[in-house]
Amino acid sequence: RAKALGKARYELFNQEMYTNALARLQLENDLRRAIERHEFQLYYQPIVSLTNGRLIGFEALLRWQHPERGLISPTDFIPLVEESGMIVEVGYWALHEACRQMQSWQVRHRTNSLEKISVNLSVKQFSQPDLIEQIGEILHSTGLDAGSLMLEITESAIMENGDEANAELLKLRKMGIELSIDDFGTGYSSLSRLHSFPISVLKIDRSFVSLIDANGKNLEIIETIITLAHKLGMDVTAEGVETKEQLAFLRNLNCECGQGYFFSRPLDNTAAVALIGYCWRI
Ligand code: C2E
Ligand code: MG
Ligand code: MG
Ligand code: MG
C-alpha cells in the first residue's frame with residue numbers, strides 16, 4: 001500500500017512538473033514573439049521631491065499585455081525572461097522606449113522640470129560586453145541627453161561583477177548618465193563598499209519603508225541608512241511610500257525623493273504626460 005501511494009505521489013509530482021514545464025515553454029514561446037507583436041509596454045511611476053512636492057522624474061516599469069492572459073506584472077515574467085536569456089533584448093527594448101518617450105516629452109513641453117527618466121538594468125544586461133556601446137547607440141538614436149537618464153542597478157549586479165562593474169559604472173558616469181542602487185537593503189553589500197562606486201542615488205527598498213508605521217525600533221534601520229548615505233554624499237529615494245506618516249518620517253530625515261502609491265501608481269504614457277509640471281501638496 002505504501003508503495004502504491006509512493007508511486008501515485010511520484011506520478012502526481014511528475015504530472016505537475018510536466019504541466020509546469022509545458023506552461024513555461026508556452027510562456028517562453030509567447031515571450032519570444034512579444035516584442036515583434038508590440039505586447040510590451042512601459043508604465044511610468046512618478047518620483048517626487050520631498051523638499052517641495054514636485055514631480056522630478058519617472059521610473060519606467062515594464063508591462064506585458066498578453067493576448068490571452070491579460071496584463072502580466074514584471075515580477076511574474078522577469079525571472080523567466082532572465083533565465084531564457086531574453087532579458088538583454090527586452091531590457092534594451094525598454095531602455096530605448098523609455099529614452100524615446102522622455103526625449104519627446106522634453107521637446108513637447110520645453111520644460112526642464114522633468115529631470116530624469118529611471119530605467120532598470122538587469123544583472124545579465126549589466127554584464128554584457130557591449131553594454132556601453134549599446135547604451136551609447138540608444139542615446140544617439142533617440143537624441144536623449146545622457147544627463148536625463150538614470151540607470152537603476154541592484155546591489156547583486158554590482159557585487160557579482162566586482163572590479164569590472166566599477167569600470168563599467170565609471171564609463172557610464174563619464175557619459176553623463178546617473179546611477180542609482182535599486183532595492184537597497186535586500187542584497188549583500190555594504191554602504192562603505194558601495195561608496196567606492198560612482199553612484200549618486202540610493203533607493204531604499206520598500207520593505208524598509210513599510211516598517212515605518214509599525215513605530216518601533218525598526219525605524220532605526222531606515223534612519224541609519226539615510227544618515228549614512230548622506231554622509232557618503234548620496235541622495236536617497238524611498239520606494240513604496242504609501243502613507244502620510246511614512247512621508248512625514250522620511251521628510252524629517254531629509255530623504256530627498258519618494259516614490260509610491262501615496263503619490264501615484266505606475267501610469268501609462270497618457271496619464272504620465274498629464275502629470276508633467278505637477279506639484280503634490282506635502
Ligand atoms: P523595482 O525596480 O523596485 O520597481 C518598483 C516596484 O514597486 C514596481 O513594481 C512598482 O509598481 C512597485 N511599487 C511602487 N510603489 C509602490 C507602493 O507604494 N506599494 C507597493 N506595494 N508597490 C509599489 P513592478 O512594476 O511590478 O516591477 C517589479 C520589478 O520588476 C521592479 O522592481 C524591477 O526590479 C523589475 N522591472 C520592471 N521593469 C523592468 C525593466 O524594464 N527591466 C528590468 N531589468 N527589470 C524591470
Ligand atoms: Mg527600479
Ligand atoms: Mg526598486
Ligand atoms: Mg523594489
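The values are calculated or read from the model by the stated rules, or taken from the named source; none is laboratory data. Nothing here was measured: the structure is a model prediction, and the numbers come from that model. Neighbour counts are summed over all protein chains in view; Cβ atoms, including those assigned to glycine, are modelled from backbone coordinates with ideal geometry.
So, in the range 119-160, of the ones that are part of a loop (DSSP other than H, G, I, E, B) and buried (at least 21 other Cβ atoms within 10 Å of the Cβ), which residue ends up nearest to ligand 3 (Cβ to nearest atom)?
My answer is Leu121.
Could you tell me which numbered condition Thr243 fails, if it satisfies all but one of (1) within 13 Å of ligand 1 (Cβ to nearest atom); (2) over 28 Å from Leu139 (Cβ atoms); (3) crowded, with 17+ Cβ neighbours inside 10 Å; (4) not charged (D, E, K, R)?
The failed condition is (3).
Out of all the residues in the range 55-71, which are away from ligand 2 (no atom under 16 Å from the Cβ) and buried (at least 20 other Cβ atoms within 10 Å of the Cβ)?
Leu55, Trp64, listed by residue number.
Looking at the range 190-240 only, could you name the residues that are within 16 Å of ligand 1 (Cβ to nearest atom), of a type in the set (S, T, N, Q) and without any contact (Cβ under 8 Å) to a residue 60 or more places away in the chain?
Scanning the range 190-240 gives Ser207, Ser210.
Per-residue answers, yes or no, for (1) touching a Pro at 6+ places or on another chain (Cβ under 9 Å); (2) within 20 Å of Glu168 (Cβ to Cβ); (3) of a type in the set (A, V, I, L, M):
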site: Glu83; (1), (2), (3): no, no, no
site: Val88; (1), (2), (3): no, yes, yes
site: Cys99; (1), (2), (3): no, yes, no
site: Val107; (1), (2), (3): no, no, yes
site: Leu114; (1), (2), (3): no, no, yes
site: Leu131; (1), (2), (3): no, yes, yes
site: Ile135; (1), (2), (3): no, yes, yes
site: Leu139; (1), (2), (3): no, yes, yes
site: Ala146; (1), (2), (3): no, yes, yes
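For the range 136-163, enumerate the residues that are out of contact with any helix residue (DSSP H, G or I) (no Cβ under 7 Å at 6 or more places or on another chain), closer than 21 Å to Glu115 by Cβ and within 16 Å of ligand 1 (Cβ to nearest atom).
Matches in the range 136-163: Met150, Glu152.
Considering only the range 176-184, I want to know if a residue exists there that is more than 16 Å from ligand 3 (Cβ to nearest atom) and assigned to a helix (DSSP H, G or I). Working first, answer last.
So in the range 176-184, the residues more than 16 Å from ligand 3 (Cβ to nearest atom) come out as 176-177.
In the following step, the residues that additionally are assigned to a helix (DSSP H, G or I) were identified as none.
No: the range 176-184 contains no residue that is more than 16 Å from ligand 3 (Cβ to nearest atom) and assigned to a helix (DSSP H, G or I).
Exactly one of (1) under 22 Å from Lys116 (Cβ atoms); (2) out of contact with any Phe, Trp or Tyr (no Cβ under 9 Å at 6 or more places or on another chain); (3) within 15 Å of ligand 3 (Cβ to nearest atom) is unmet by Leu172. Its number?
Answer for Leu172: the failing condition is (3).
Tell me which of these Thr243 doesn't satisfy, since it passes every other one: (1) free of Cβ contacts under 8 Å to residues at least 60 places away in the same chain; (2) within 16 Å of ligand 4 (Cβ to nearest atom); (3) not basic (Lys, Arg).
Of the numbered conditions (1) free of Cβ contacts under 8 Å to residues at least 60 places away in the same chain; (2) within 16 Å of ligand 4 (Cβ to nearest atom); (3) not basic (Lys, Arg), the odd one out for Thr243 is (2).
As an exercise: evaluate Asp205 against (1) of a type outside the set (Lys, Arg); (2) more than 16 Å from ligand 4 (Cβ to nearest atom); (3) buried (at least 17 other Cβ atoms within 10 Å of the Cβ); (4) closer than 23 Å to Asn161 by Cβ and give the number of the one condition it does not meet.
(2)
State whether one or more residues within the range 209-218 are at pLDDT below 95, more than 22 Å from Leu179 (Cβ to Cβ) and within 19 Å of the chain's Cα centre (by Cα).
For the range 209-218, residues at pLDDT below 95, more than 22 Å from Leu179 (Cβ to Cβ) and within 19 Å of the chain's Cα centre (by Cα): present.
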